[in-house]
1. Within region 190-218, how many residues turn out to be in contact with a His (Cβ under 9 Å, 6 or more places away or on another chain) and among the small types (Gly, Ala, Ser)?
2. Please work out which one of (1) under 15 Å from the mean Cα position of the chain (by Cα); (2) at pLDDT 95 or above is the condition Phe120 fails and give its number.
3. Looking only at strands (runs of 3 or more DSSP E) that fall completely inside region 162-246, which ones have 3 or more residues that are farther than 19 Å from Asn149 by Cβ, out of contact with any Gly (no Cβ under 6 Å at 6 or more places or on another chain) and assigned by TED's automatic domain parsing to the domain that holds Tyr93?
4. One residue is enough: does region 5-26 have a residue meeting the conditions among the β-branched types (Val, Ile, Thr), in the same structural domain as Leu140 (by TED's automatic domain parsing) and either modelled with pLDDT of 85 or more or in a helix (DSSP H, G or I) (or both)?
5. Kindly indicate whether Leu50 is assigned by TED's automatic domain parsing to the domain that holds Ala186, surrounded by 14 or more Cβ atoms within 10 Å (Cβ to Cβ) and modelled with pLDDT under 85.
6. Condition check: assigned by TED's automatic domain parsing to the domain that holds Cys201, at pLDDT 90 or above and in contact with a helix residue (DSSP H, G or I) (Cβ under 7 Å, 6 or more places away or on another chain). Does Leu69 satisfy that?
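The values are calculated or read from the model by the stated rules, or taken from the named source; none is laboratory data. Quantities reported herein were computed from a predicted structural model and do not represent experimental measurements. As a convention, Cβ positions derive from the backbone with ideal geometry for all residues, glycine included, and neighbour counts pool all protein chains shown.
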Amino acid sequence: MTEGERKELIKKAFEAKQKLQEELEATKKEVKKKEEEVSRLQKEVAGGLLLMEGEKEALEGKEVKYFDLYPERSYKEGSAAQTHFRLAEYQFYRLLYTGMTKTNLVKVEYVLNPDLVHHFRECRESLKKKHGEEFSYPVLAFHGTMETNIKPICETGFKIPGDNGHAHRTDTGWYGKGVYFSEYPAYSMGYIQGATQLLLCQVLPGKAYQCTKLIHGHSLMKGYDSHVSPCKKELVIFNKYHILPQYIVHYQPNAGEFKYTSPPSATSAACNTTKGKKGKGKKKGGKLTIDELTDTEMLKTKHDQAVAMPSSSTLDGYNIQFTGTFQNTQAGMTALVKSWRNNRN
């Protein structure tokens, strides 16, 4: 290599380093901007200044309510529905890996469980008295689980591994025997391959123990309130009342340009109780229309009805092939067919 070639190589390496540094700084600024927006929206929600219609009355009752939220083109200043949706949206996209940006957030369900809200607020005050205000602030973090588990969790709260024989589904609890959360949605998606829903919860880390290695199934470290993985991307919570399920995030792969979809009713946010909605059903002897086939609420209802049906020999001897949009994970759909086959009367 000549002296001129060596100098040219050094020059190109320096330019490449400068470019990477500029890209890194731009990324840092973008992340900081999103973090500030999440913080602002979270303060609006936590401050109780913005309430959904019927939320105040719901907090005084005992019934769990769900508010359906959708992306809207128009900006409505002071809209509680938009604020909740944007908070979940910002948190979802803020730390989504670059390779996963072709994922659309299509719907958010704002969950309101008066009993869990009450316990969560009590725990927050307790942490404030125990460690000081800085340790009482909640973190918004995702939890991945089978979609059939999401509503039960919203109704009764999380089960901590070890309580009443409850165990970890995927491993022994690498960083402790608790419930795992992450601010990075991709981490939580890793637990639910093929699913399209995530839980976004407020969690109270309190004083967190920083793990430096695997501590399989270890109980909560003395003097601490939670554990953090060595990479700081996983948070382990050991008290069910330190967790408040707040949003059910519905997402799907982006097949093309994003398009706004109209909410199912005239209002942008519908309030549903735990009683749920009745499906439209299918006319006797008729076929499902295109509208019915694209009605996700109705399809979800029919899926739940199928899961609840008694086993039979209807599918005995048949090969089953799935196609289209699933209402459950691949494993869940396979298990459903197996239950029809193997547990028949």
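1. The total comes to 3.
2. (1)
3. Values: elements: 179-181, 197-203, 208-210, 226-228, 235-237.
Per the criteria, 208-210.
4. Initially, region 5-26 is screened for residues among the β-branched types (Val, Ile, Thr), giving 10.
Now narrow it down to the ones that are in the same structural domain as Leu140 (by TED's automatic domain parsing): none.
No, because not a single residue in region 5-26 is among the β-branched types (Val, Ile, Thr), in the same structural domain as Leu140 (by TED's automatic domain parsing) and either modelled with pLDDT of 85 or more or in a helix (DSSP H, G or I) (or both).
5. Details: assigned by TED's automatic domain parsing to the domain that holds Ala186: yes; surrounded by 14 or more Cβ atoms within 10 Å (Cβ to Cβ): yes; modelled with pLDDT under 85: yes.
Yes; evaluated as a whole, the condition is true for this residue.
6. On the way: assigned by TED's automatic domain parsing to the domain that holds Cys201: yes; at pLDDT 90 or above: yes; in contact with a helix residue (DSSP H, G or I) (Cβ under 7 Å, 6 or more places away or on another chain): yes.
Against the criterion (assigned by TED's automatic domain parsing to the domain that holds Cys201, at pLDDT 90 or above and in contact with a helix residue (DSSP H, G or I) (Cβ under 7 Å, 6 or more places away or on another chain)), Leu69 qualifies.
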